1. Hey, among the residues in region 16-40 that are assigned to a loop (DSSP other than H, G, I, E, B) and under 17 Å from ALA66 (Cα atoms), which one's nearest to the ligand (Cβ to nearest atom)?
2. Being open to solvent by 50 Å² or more (accessible area, probe 1.4 Å) and under 15 Å from HIS99 (Cα atoms) is the filter here; which residues of region 1-20 pass it?
3. For ALA73, state whether it is part of a strand (DSSP E or B), small (Gly, Ala, Ser) and either closer than 30 Å to VAL113 by Cα or open to solvent by 30 Å² or more (accessible area, probe 1.4 Å) (or both).
4. Take the conditions within 15 Å of the ligand (Cβ to nearest atom) and part of a helix (DSSP H, G or I) and apply them to LEU102. Does it pass?
5. Would you say LEU63 is in contact (Cβ under 8 Å) with a residue 24 or more places away in the chain, open to solvent by less than 20 Å² (accessible area, probe 1.4 Å), within 15 Å of the ligand (Cβ to nearest atom) and not charged (D, E, K, R)?
6. Out of ARG82, ARG11, I need the residue that is within 16 Å of the ligand (Cβ to nearest atom), touching a strand residue (DSSP E or B) at 6+ places or on another chain (Cβ under 6 Å) and among the charged types (D, E, K, R). Which one?
7. Condition test on LYS68, is it within 11 Å of the ligand (Cβ to nearest atom), open to solvent by 20 Å² or more (accessible area, probe 1.4 Å) and of a type in the set (Lys, Arg)?
8. Among the residues of region 78-91, is there at least one that is within 19 Å of ARG33 (Cβ to Cβ), open to solvent by less than 40 Å² (accessible area, probe 1.4 Å) and either part of a loop (DSSP other than H, G, I, E, B) or modelled with pLDDT under 95 (or both)?
Amino acid sequence: MSTIFKKIIDREIPADIVYETDDVLAFKDIAPRAPVHILIIPKKEIATVNDVADEDAPVMGQLFVAAKHIAQAQGIAESGYRLIMNVGDHGGQEVYHVHLHLIGGHPVGPMTVKKK
Ligand code: AMP
């Protein structure tokens, strides 16, 4: 089933697009958790990592190539950043179109909430 990200790919709704290739699109998160918060998505509709097929390996790799270029363009390559891909319910995934969060611009804190 298509998501709001498909509408962004098809330019049916606006987004602040920062990077695009034939297979990959990246745009600013609408509710940023850090000074830099960009979503990097394959144009192919893949719901979750559980749905990634062998043939999707190149485009999944291109998400990381995009992340490198975007981090450089945003001036955070040297200071560092975090890449996150949430998967399913327990992973906190809200939009079921695979996406890589690129988050940085300040120290992003612990990777997960520590158990008490
Ligand atoms: P996740 O929880 O990993 O599925 O992340 C989904 C992300 O999509 C959230 O950080 C939302 O803020 C973001 N988001 C939802 N709708 C839009 C939109 N129209 N444009 C940009 N980001 C969006």
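The values are calculated or read from the model by the stated rules, or taken from the named source; none is laboratory data. Computed from a predicted model, the values in this text were never measured in an experiment. Quick reminder, even Gly has a Cβ in these numbers, built from the backbone with ideal geometry, and neighbours come from all protein chains shown. With ligands, DNA and RNA removed, areas are computed over all heavy atoms of the protein, side chains included. Shrake-Rupley method; radii C 1.70, N 1.55, O 1.52, S 1.80 Å.
1. Start the filter on region 16-40 by keeping residues that are assigned to a loop (DSSP other than H, G, I, E, B), which leaves 16, 21-23, 29-35.
The next check asks that each one be under 17 Å from ALA66 (Cα atoms); those that pass are 16, 21-23, 29.
On the way: ASP16: 8, THR21: 19, ASP22: 21, ASP23: 19, ASP29: 5 Å.
Once the filter is applied, the top-ranked residue is ASP29.
2. SER2, ILE4, LYS6, LYS7, ILE17, VAL18, TYR19, GLU20
3. Details: part of a strand (DSSP E or B): no; small (Gly, Ala, Ser): yes; either closer than 30 Å to VAL113 by Cα or open to solvent by 30 Å² or more (accessible area, probe 1.4 Å) (or both): yes.
No: the conditions fail for ALA73.
4. Numbers: within 15 Å of the ligand (Cβ to nearest atom): yes; part of a helix (DSSP H, G or I): no.
Judged against the criteria, LEU102 is not a match.
5. Values: in contact (Cβ under 8 Å) with a residue 24 or more places away in the chain: yes; open to solvent by less than 20 Å² (accessible area, probe 1.4 Å): yes; within 15 Å of the ligand (Cβ to nearest atom): yes; not charged (D, E, K, R): yes.
So LEU63 passes the test.
6. Values: ARG11 fails: touching a strand residue (DSSP E or B) at 6+ places or on another chain (Cβ under 6 Å).
None of the others qualify; the one that does is ARG82.
7. Numbers: within 11 Å of the ligand (Cβ to nearest atom): no; open to solvent by 20 Å² or more (accessible area, probe 1.4 Å): yes; of a type in the set (Lys, Arg): yes.
Answer is no for this residue.
8. yes
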